[in-house]
Amino acid sequence: QVSVLYFARSAELAGLRAETLCVPRRVTALQLWDEIVKRHPRLATIRDQVVFAVRQEYVLLGDQQLVLHPGDEVAIIPPISGG
């Protein structure tokens with residue numbers, strides 16, 4: 001189980017700020033994104049703009065393998081504008 005944290009636009013689209021998900025221990029970033037979108041289909045609209053932070057390290061959506069441990073935090077970070 002991992003904690004998924006939603007920020008800014010991703011929180012609006014998902015309708016929540018955090019949840020716990022059961023995911024495979026070894027998964028690509030893109031597979032993890034697909035699992036999250038299955039639960040929250042509206043997130044698909046920001047797919048090309050989103051970045052993960054896994055254990056507070058940025059990860060682009062792609063084929064890189066993630067090794068997740070119970071209790072890890074995965075943050076969904078859409079682009080944030082401001083000045």
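The values are calculated or read from the model by the stated rules, or taken from the named source; none is laboratory data. Just so we're clear, the structure is a prediction, and the values are computed from it rather than from any experiment. We place every Cβ from the backbone using ideal geometry, glycine too, and count neighbours over all the protein chains shown. SASA here: full protein model, heavy atoms, side chains in, ligands and nucleic acids out. Shrake-Rupley method; radii C 1.70, N 1.55, O 1.52, S 1.80 Å.
Side notes on the structure shown:
- One residue from Ala8, Ala14, Ala44 being free of Cβ contacts under 8 Å to residues at least 24 places away in the same chain, over 10 Å from the mean Cα position of the chain (by Cα) and open to solvent by less than 70 Å² (accessible area, probe 1.4 Å): Ala44
- Selected residue (criterion: modelled with the lowest pLDDT) from residues of the range 33-60 that are among the hydrophobic types (A, V, I, L, M, F, W, C) and over 19 Å from Ser3 (Cβ atoms): Leu60
- Verdict on Gly71 being modelled with pLDDT of 90 or more, out of contact with any Gly (no Cβ under 6 Å at 6 or more places or on another chain), at positive phi and not in a strand (DSSP E or B): yes
- Within the range 47-67, restricting attention to residues that are closer than 17 Å to Glu12 by Cα and buried (at least 17 other Cβ atoms within 10 Å of the Cβ), the residue that is farthest from the chain's Cα centre (by Cα) is Val50.
- Arg26 being open to solvent by 70 Å² or more (accessible area, probe 1.4 Å), in contact with a Gly (Cβ under 9 Å, 6 or more places away or on another chain) and modelled with pLDDT of 90 or more: no
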